[in-house]
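Asker: One structure is given below, represented as structure tokens, and several questions about it will come after.
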Amino acid sequence: MAPPLIEMQDISRTYVMGDNLVHALRGVDLTIETGSSVAIMGTSGSGKSTLMNIMGCLDQPTRGSYRINGKNVGVMSKSQLADIRGRMIGFVFQSFNLLSRTSALENVEMPLMYQGVSGGKRHERAMAALEAVGLKGREDHHPSQLSGGQQQRVAIARALVCEAPIIMADEPTGALDTKTSFEVMGILQGLVAQGKTLIIVTHEADIAGYASRVITLRDGLIIEDKAQAPVDAAKELARVTAEKEAADRALAARKGERAS
Amino acid sequence: MNIFTTFKLAVRALWRNKVRTFLTMLGIVFGIGAVIAMVASGQGAQAQVKEVFNSLGTNVLILSGGAQRSFGASGGAGSRQSLTWDDIAALQSGEIPTIKYVVPTMSTRTQVASEESNWQTSVTGTISTWFTVRNWEATQGAVFDEDTGNSSAKVAVIGQTVATQLFASASPIGQAIRINGQPFEVIGVLAVKGQGPRGDNDDIIIIPIKTYQQKLDKGLAKYLKGEVLISMVEDGQAETTMAKVSALLRDRHKLDANDEDDFRIRNPAEFAKAQQDSTERIATLLALVAAVSLLIGGIGVMNIMRVSVIERTREIGIRMAVGAKPIDVMTQFLVESLVLAAIGGLLGLALGYGAAQYMASYFGWKFFFPAATAGIAFAVAGGVGVGFGLYPAIRAAQLDPITALRYES
């Protein structure tokens, strides 16, 4: 049997902050299978960001073992971790983290450079990724010329371009309005439908509702891990759009009455 | 990541901060420019000194009359006529075995004219061995032989500058020129020698010394109003020859042991050597100063790269998050500073080339482009780029991805 995609055992992470030891994670066991969508919830200070950093191979645990696809990440060098990040994980951040003064296309091409993909292939794959998130025709725009939702879609395209099996989203809708949030969540859910594994870190219950599994952390420990039927973001979007259109029509009708 | 992509990224990053890139580059540009200009000028100056030295003829002493003292003020060497033709004959007699040739010369500046043109130049009366001692041959016609040199024939050997001035491109051989109103026949044109200690070597006319005395001076006299070149048989005989010449002349002039010499013997080789040494010292010093300015330029690059790393901390974090390895990040910054230094180095090369050429024409010395130095300077620029870019690049590579991602600029 194939090993689980993500397998964490007794993961702890301790920071030294001045004279104090901060126990961000205190023995987390977690297994995530390919194709699932998982929301990691918790208040700030619960350890959810630390967990995500370790899962994303941006940080390493002080104790415990972490395996991705059966490979022990704990013993890897910085270089090997970078390689795992590049091939296995696509990141989507709250603040988008796009390179400024760099076109959408170049932003999306960037991860491929570190995979040694040649110029022509890079272009082709980045264009395809942009098209997949509905940004065809905007490849030459710089982040400053794009709306928040569009920027986040560029970021998603960047996470997709390497065909990494895991998408990690840290508060992906935190900087977006409600309607745009639905759009972005819709895209992310679409990825799960295509077989990607989605891990969302959030403190909003609404957003966690789009996942099929919700893990709640408090003080560095998992206090709840439950499965649920996810809310369909696309339907939500359709509903919200319809409501807004109805409201607009009503408004226009009232205006018409007053004018006559 | 392949190196071409890295270069493209580096150029783009530098282009994004045009003004800063340009200002940083200036440090390298001026550093390299200064090194090249200084080394080139140093070589030019040294070459000129060497040329001056060579144009005097090697292994030659210059004997002149003593200094005329009136009321304590010295009139300078040769202002007193004390060398007689008999003295010269005595030197030529072979009594001093290290002496090879003794060549009396007399010189003045005067007006010369051809059919078409006229020119002010230096006219020297001497004998045929002058050409041997000065190691100077004719390119057209011939220099005069021993008999002609000792005669009072009205023939002249002219330098290239005079030939050009009087005859333009026509052949001067067999043509008549007037020196001080007297007609002379041109029998030879000297090879080009270029700049000498007294200006243009080729601005000269040589005539037999007897003719000189009769036609340009007040006739044959007891004293020689000029200088005597004494060439020696072998190198390294200057000291002994000077002592022997001095003893012989003191004896002939009946000077007491505590009388001052009434003549002067100079060794141009020694003078040239001293001058060459001092030129070399100055050249080295200038090159050092230039090297220091290059170093300062390099420190500027380091500083800017450091600032750039700090400014782009977040960018580094993003790159690391999407899979950039520490080595990729390091290479990126290293290549950036290398490109910066290399472009600066190229511009510096151009600047140094121009400056060296300008200085050469301004000071009238030969233009040297020190290809080896230019190569070294360029390599140093590259070295500066890598060397001074290394520290910031390593710092960038060692950044922790999480810290870098959270960095707020």
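Asker: For the charge dipole of chain A, defined by +1 on Lys and Arg C-beta atoms and -1 on Asp and Glu C-beta atoms about the Cα centroid, which residue among A:Ser36, A:Ser181, A:Ala159 has the Cα displaced farthest towards the positive pole?
Answerer: A:Ala159
Asker: Which percent, to the nearest 5, of DSSP beta bridges fully inside the stretch B:81-261 are antiparallel?
Answerer: The answer is about 75 percent antiparallel.
Asker: Right, something else. Choose one answer from B:Leu23, B:Leu351, B:Leu91: the residue with the largest mean-square fluctuation in a GNM of chain B with alpha-carbon springs under 10 Å.
Answerer: Top of the fluctuation ranking is B:Leu23.
Asker: Any idea which of B:Ala168, B:Thr148, B:Val133 is furthest toward the positive side of the dipole for the stretch B:81-261, if Lys and Arg beta-carbons carry +1 and Asp and Glu beta-carbons -1?
Answerer: Result: B:Ala168.
Asker: Considering only DSSP beta bridges with both partners in the protein assembly as shown, what is the antiparallel share in %, to the nearest 5?
Answerer: Once the DSSP bridges in the protein assembly as shown are tallied, antiparallel ones form about 70 percent.
Asker: Please report B:Trp15, B:Trp85, B:Trp136, B:Trp130 as a ranked list, fewest other C-beta atoms within 10 angstrom at the top and most at the bottom.
Answerer: Ordered from fewest to most neighbouring Cβ atoms within 10 Å, B:Trp15, B:Trp85, B:Trp136, B:Trp130 come out as B:Trp15, B:Trp85, B:Trp136, B:Trp130.
Asker: Of the residues B:Ala372, B:Ala37, B:Ala283, which exhibits the maximal mean-square fluctuation in a Gaussian network model of chain B defined by a 10 Å Cα contact cut-off?
Answerer: B:Ala372
Asker: Could you give me the percent of Cα pairs per 5 Å distance bin for chain A, shortest bin first, beginning at zero and ending with the bin that holds the maximum distance?
Answerer: 1, 6, 12, 16, 17, 15, 12, 9, 5, 3, 2, 1, 1, 0, 0, 0
Asker: If you don't mind, there's one more thing I want to ask. When we measure straight from the Cα of A:Lys71, which aspartates and glutamates land under 14 angstrom away, once same-chain ones fewer than 8 places off are left out?
Answerer: A:Glu7, A:Asp83
Asker: Could I ask something else about it? Could you tell me the extents of the stretch B:145-199's C-alpha atoms along the three principal axes, largest first, rounded to whole Å?
Answerer: The Cα atoms of the stretch B:145-199 stretch 30, 24, 20 Å along their principal axes.
Asker: Hey, got the dipole for chain B? About the Cα centre, +1 on K and R Cβ, -1 on D and E Cβ, debye to the nearest 20?
Answerer: Value, rounded to 20: 1740 debye.
Asker: For chain B, how big is the tail of P(r) above 28 Å, as a whole percent of Cα pairs?
Answerer: When all Cα pairs of chain B are counted, 63 percent exceed 28 Å.
Asker: Relative to the longest principal axis of chain A, what angle (0 to 90°, nearest 10) does the C-alpha long axis of helix A:148-160 take?
Answerer: For helix A:148-160, the angle is close to 40 degrees.
Asker: Then there is this: Roughly how compact is the stretch A:17-151, stated as its Cα Rg over 2.2 N^0.38 Å to two decimals?
Answerer: 1.25
Asker: Let me ask something additional. How do B:Asp328, A:Asp206, B:Asp251 rank when sorted from fewest to most other Cβ atoms within 10 Å of their own Cβ?
Answerer: Fewest-to-most Cβ neighbours within 10 Å comes out as B:Asp251, A:Asp206, B:Asp328.
Asker: Another one. Against the longest principal axis of chain B, how steep is helix B:238-252, in degrees 0 to 90 to the nearest 10, with axes from Cα atoms?
Answerer: Rounded to the nearest ten degrees, it is 30.
Asker: Using only the alpha carbons of the stretch B:81-261, determine the length spanned along each of the three principal axes and report them from longest to shortest in whole angstroms.
Answerer: 57, 35, 29
Asker: Radius of gyration and Dmax for the protein assembly as shown's Cα atoms, expressed in Å?
Answerer: 45.1, 140
Asker: Report, to the nearest 10°, how far helix B:371-398 tilts away from the longest principal axis of the Cα atoms in chain B, using its own Cα long axis and a range of 0 to 90°.
Answerer: Computed tilt is about 20 degrees.
Asker: Positive end of the charge dipole of chain B (Lys, Arg +1 and Asp, Glu -1 on Cβ, about the Cα centre): tell me which of B:Leu220, B:Ile310, B:Ser337 has its Cα farthest that way.
Answerer: Comparing the listed Cα positions along the dipole, B:Ile310 ranks first.
Asker: On to the next question. Quick one: what does P(r) look like for the stretch B:204-303 with 10 Å bins over all Cα pairs, in whole %?
Answerer: Taking every Cα pair in the stretch B:204-303, the percentages come to 11, 22, 23, 17, 10, 9, 6, 2.
Asker: If you place +1 on the Cβ of every Lys and Arg and -1 on the Cβ of every Asp and Glu, how big does the dipole about the Cα centre of the stretch A:46-91 come out, in debye to the nearest 20?
Answerer: Charge dipole, the stretch A:46-91, about its Cα centre: 80 debye, nearest 20.
Asker: Right, another one. Please report, to two decimal places, log10 I(q)/I(0) for the stretch A:176-225 at q = 0.15, 0.23 Å⁻¹ as given by the Debye formula with identical point scatterers on the Cα atoms and no solvent.
Answerer: Ignoring solvent entirely, the Cα scatterers give -0.46, -0.91.
Asker: I want the antiparallel fraction of DSSP beta bridges within chain A, as a percent rounded to 5.
Answerer: That works out to approximately 55 percent antiparallel.
Asker: While we're looking at this one, here's another question. Considering only C-alpha atoms, what is the centroid distance from the stretch B:190-245 to the stretch A:178-241, in Å?
Answerer: Cα centres, the stretch B:190-245 to the stretch A:178-241: 105 Å.
Asker: Moving to a separate point now. Given +1 on the Cβ of Lys and Arg, -1 on the Cβ of Asp and Glu, and no further charges, what dipole in debye does the protein assembly as shown carry about its Cα centre, rounded to the nearest 20?
Answerer: The calculation lands at about 1360 debye.
Asker: Build a GNM of chain B with springs between Cα atoms under 10 Å: which of B:Thr98, B:Thr121, B:Thr240 gets the top mean-square fluctuation?
Answerer: B:Thr240
Asker: What is the mean number of Cβ atoms from other protein chains located within 10 Å of the Cβ atom of each residue in peptide A:87-94, rounded to a whole number?
Answerer: Mean partner-chain Cβ count within 10 Å for A:87-94: 2.
Each reported figure results from applying straightforward, stated rules to the coordinates on display, with no laboratory input. Computed from a predicted model, the values in this text were never measured in an experiment. With ideal geometry, Cβ positions are generated from the backbone for all residues, glycine too; neighbour counts draw on all protein chains shown.
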